[in-house]
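**Q** Please read through the structure below; I'll follow up with questions.
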Amino acid sequence: MKGFRDIEHLRLAAPFAGGVLAFGVARAELVPPTFSALGHFRAKAIDDVRAKPIEYAGQGACADCHVDVVDLRAKARPRNTACESCHGPLATHAENPADVTPMLHDCAVNPRVGQVVALNIAAIVARRLQVFQAMWLRQTQRVVSQIDA
């Protein structure tokens with residue numbers, strides 16, 4: 001058997017092996033020790049999330065007291081929109097309704113984001129329609145000019 005002649009393979013294999021080694025070292029240093037102990041996440045994250053105070057009560061807590069609103073919303077258009085998406089987090093209201101009053105809005109406003117949604121939708125749709133019409137007009141003029149030429 002003759003000696004190994006194709007040195008190009010070794011030139012490619014050395015950087016590849018170095019990259020695999022660097023990845024292994026970086027992974028060992030950067031991945032937390034509790035990662036994948038209970039699944040594909042950091043096990044200590046459960047404790048971190050559990051330590052945060054509960055802000056949202058959920059749709060069920062609203063439906064327990066506000067049956068009339070639930071019946072009204074069953075007939076309304078935005079059926080699947082949660083109460084707290086417009087009124088904000090209301091876990092404290094669900095615990096003590098007398099002390100905490102939810103914010104009431106005549107249009108959809110999320111106090112955490114601070115943007116009026118219902119009023120802006122019409123303006124956004126109108127602006128997009130204008131842009132589309134302008135693009136369509138330019139494209140039509142371009143095609144007509146090519147046909148005339």
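**Q** Does the stretch 98-114 contain any residue that is modelled with pLDDT of 80 or more and out of contact with any Ser or Thr (no Cβ under 9 Å at 6 or more places or on another chain)?
**A** Residues of the stretch 98-114 that are modelled with pLDDT of 80 or more, as a first pass: 98-99.
From the residues that got through so far, the ones that are out of contact with any Ser or Thr (no Cβ under 9 Å at 6 or more places or on another chain) too are 98.
Looking for residues that are modelled with pLDDT of 80 or more and out of contact with any Ser or Thr (no Cβ under 9 Å at 6 or more places or on another chain), one finds at least one in the stretch 98-114, hence yes.
**Q** Next question. Of all residues in the stretch 25-55, how many are β-branched (Val, Ile, Thr) and either part of a loop (DSSP other than H, G, I, E, B) or in contact with a Cys (Cβ under 9 Å, 6 or more places away or on another chain) (or both)? Full working, then the answer.
**A** Here is the first cut: in the stretch 25-55, the ones β-branched (Val, Ile, Thr) are 25, 31, 34, 46, 49, 54.
Okay, now just the ones that are also either part of a loop (DSSP other than H, G, I, E, B) or in contact with a Cys (Cβ under 9 Å, 6 or more places away or on another chain) (or both), so 31, 34, 54.
Going through the stretch 25-55 one residue at a time, the tally reaches 3.
**Q** Within the stretch 56-100, which helices (runs of 4 or more DSSP H) (wholly inside it) include 1 or more residues that are exposed (fewer than 14 other Cβ atoms within 10 Å of the Cβ) and among the charged types (D, E, K, R)? Talk me through it step by step, then tell me what you get.
**A** Working: elements: 59-65, 67-75, 83-87, 91-95.
In the stretch 56-100, the matching helices (runs of 4 or more DSSP H) lie at 59-65, 67-75, 91-95.
**Q** Something else now. For the stretch 5-57, what are the residues that are over 30 Å from Pro102 (Cβ atoms), of a type in the set (Gly, Ala, Ser) and within 25 Å of the chain's Cα centre (by Cα)?
**A** Residues satisfying the conditions are Ser36, Gly39, Ala43, Ala45.
The values are calculated or read from the model by the stated rules, or taken from the named source; none is laboratory data. As the structure is a computational prediction, the values presented were derived from the model and not from experiment. So basically every Cβ, Gly included, is an ideal-geometry build from the backbone, and we count neighbours across all protein chains shown.
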